[in-house]
Amino acid sequence: MHIHLPSHKHSPPIVNATEAQLIKKIPVVSDFSDVFPEELPRLPPDRNVEFAIELVPGTAPVSKRPYRMAPDELQELKTQLQEQLDKGFIRPSSSPWGCPALFVEKKDQGGKRLCVDYRPLNAVTIKNKYPLLHIDILFDQPGGATVFSKIDLRSGYHQIKVREEDIPKTAFSTRYGLYEYLVMSFGLTNAPAFFMYLMNSVFMNELDKFVEVAFLGHILSAKGVAVDPSKVEDVLNWKQPQTVTEIRSFLGLAGYYRRFIKDFSKIAKPVTALTQKNAKFAWSSKCEEAFGTLKKLLTSAPVLAQPDITKPFDVGLGCVLMQEGRVIAYASCQLRKHEVNYPTHDLELLAIVYALKKWRHYLLVNTCHIYTDHKSLKYIFTP
């Protein structure tokens, strides 16, 4: 089935010398060189916004022992602690709070990022409900644009100060003592929402005013939305899963691009079945075939059109949303236990209902045509 919408006509970036010189010649960069530093040299200035940590009433401080680290990690820890002390981002602490520090790999730049396992603190923090946009919504916004831009702040979190009375709550424990953050740290539950709020506030008048740009694992251009080949390499190089956890990790990564793959759920079903409760882990030939097919389809994924909400759509459990003959998105889902027993015509109707719910945000604003190959559904329109 398809739905058709009818149409009315902490390390600096790796940059070679030549590129770096060209960047410095850009007027806005040369005129405002103080806002384009290689790294943040000091604590940010006082602003009218600060990151706050509001706790559930009655909460008592929580303190955890530091995690054990390998010798090379301890050396890196000592280096990064000194760097952040020199910049004023952290200071020694005597706080009753304390969460363990740890490292995570920097995927794009290499190296290690110092983070804190703030789960004990996050559990007693009142959550900020500021909305974080779903990636599909972000891709819908540039419809009709031909020029795109993006911004990535240098150590963005560290450009936001923590409210003075909340600084002790950010304390973290290490082999070399207890420290606390004066700037917003990675791992704090409300940090993403607060950062989104701040960026929207600063750039509100510039948002959605947009040639090609890499964005969240995708390539956006005037042609549409495509999979970023450099990101798909992780999927292509994935070895055969040996555990349920590894299967879930693979499906999570591959599923990130499911809108590009027709019948994703159907293809992935043999692999998905191994994640069900009480299922015996047995990697079969069907699992291997599904595993290989998903990886192959990602390398040949189509360029999806960007939706234009001023034009009608066509809507055709596997469905595709189209506009002017171009695919906007694919969608599919696996049947629940009770749905397996549905007669064929009811399954076809179920697919239509699923598609209408899935793409409700598109279809409410315009007309649509629904195409199905099951004539028995005509009874719906019988008086």
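The values are calculated or read from the model by the stated rules, or taken from the named source; none is laboratory data. None of the values given here were measured: they were computed from a predicted structure. Cβ coordinates were reconstructed from backbone atoms using ideal geometry, including for glycine residues, and neighbour counts include every protein chain displayed.
Looking only at the range 63-83, which residues are exposed (fewer than 14 other Cβ atoms within 10 Å of the Cβ) and either in contact with a strand residue (DSSP E or B) (Cβ under 7 Å, 6 or more places away or on another chain) or under 13 Å from Tyr179 (Cβ atoms) (or both)? Arg65, Lys78, Gln82, listed by residue number.
Scanning the range 165-177 for any residue that is modelled with pLDDT of 60 or more, among the polar types (S, T, N, Q) and in contact with a Phe, Trp or Tyr (Cβ under 7 Å, 6 or more places away or on another chain) turns up at least one such residue.
Considering the range 155-188 alone, what residues qualify as being polar (S, T, N, Q) and either out of contact with any helix residue (DSSP H, G or I) (no Cβ under 7 Å at 6 or more places or on another chain) or surrounded by fewer than 17 Cβ atoms within 10 Å (Cβ to Cβ) (or both)? Listed by number, the residues that qualify are Ser155, Gln159, Thr170, Ser173.
Taken over the range 30-54, the residue count meeting the criterion of being surrounded by 12 or more Cβ atoms within 10 Å (Cβ to Cβ) and at pLDDT 70 or above is 8. Among the residues of the range 233-275, those that are modelled with pLDDT of 85 or more and either aromatic (Phe, Trp, Tyr) or not in a helix (DSSP H, G or I) (or both) comprise Lys239, Gln240, Pro241, Gln242, Thr243.
In this structure, is Tyr354 out of contact with any Pro (no Cβ under 7 Å at 6 or more places or on another chain), at pLDDT below 70 and crowded, with 16+ Cβ neighbours inside 10 Å? When the stated conditions are applied, Tyr354 does not pass them.
Exactly one residue among Leu321, Leu297 is in contact with a Lys or Arg (Cβ under 9 Å, 6 or more places away or on another chain), at pLDDT 65 or above and assigned to a helix (DSSP H, G or I), and that residue is Leu297. Scanning the range 169-186 for residues that are over 15 Å from Gly88 (Cα atoms) and not in a strand (DSSP E or B) yields Lys169, Arg175, Tyr176, Phe186. Of the residues making up the range 98-111, those that are in contact with a Phe, Trp or Tyr (Cβ under 9 Å, 6 or more places away or on another chain) and surrounded by 17 or more Cβ atoms within 10 Å (Cβ to Cβ) are Gly98, Cys99, Pro100, Ala101, Leu102.
Which count do you get for residues in the range 43-95 that are hydroxyl-bearing (Ser, Thr, Tyr), more than 12 Å from Ser173 (Cα to Cα) and part of a loop (DSSP other than H, G, I, E, B)? Qualifying residue count for the region: 1.
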